[in-house]
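To keep things clear, I will list the structure first and then write my remarks on it.
Where a number appears in this text, it was derived from the coordinates with a stated rule and is not lab data. Given the structure is predicted, the values throughout are model-derived calculations rather than measurements. Backbone-built Cβ (ideal geometry, glycine too); neighbour counts: all protein chains shown.
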Amino acid sequence: MGQKRKGNSALVYSTDAGRRCPQCARPVADCVCGKDRPASVGDGIVRIQRETKGRGGKAVTVVRGLPLAGPALKALAKQLKQKCGVGGAIKDEVIEIQGDQRQLIKAELEKQGYTVKLAGG
């Protein structure tokens, strides 16, 4: 069964291999192109906000929108934690730093060339 492609359309599903990756056209189980890519890049602006919800009243600084994933995101989180002198974690492509460290993190990320906004109140 030959398939004809029109314009920029790409094969998304095939009966012999199932779902296919839109970037490399390999079966999803064999795809290697998306493992080190962020889930979404967004609008290119890194947003920093302070949150206390679900943390017993303790404040954390949340960094969202970084165009990094995997080891690069982990390395940046480590660098930010060291710069602030506190602990933190990475959860769902979001960096959480203990305490209200918004100004310090903003200055550090701007020095590295990111476009940064302070989000929230």
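Modelling each spin label as a point 7 Å along the Cα-to-Cβ direction, I'd like the A72/D43 distance in nm, to one decimal.
In this crude label model, A72 to D43 measures out at 2.2 nm.
Restricting to Cα atoms and excluding each atom paired with itself, what does the Kirkwood estimate give for region 45-118 in Å? Before the final figure, lay out each step's value.
Details: mean 1/r = 0.0825 Å⁻¹.
The answer is 12.1 Å.
If each residue of separation counts as 0.36 nm, what is the full-extension length gain between L118 and I90 once their alpha-carbon separation is subtracted? Write down the numbers at each step before the final one.
Working: separation 28, 0.36 × 28 = 10.08 nm, distance 1.90 nm.
Fully extending the segment from L118 to I90 adds 8.2 nm.
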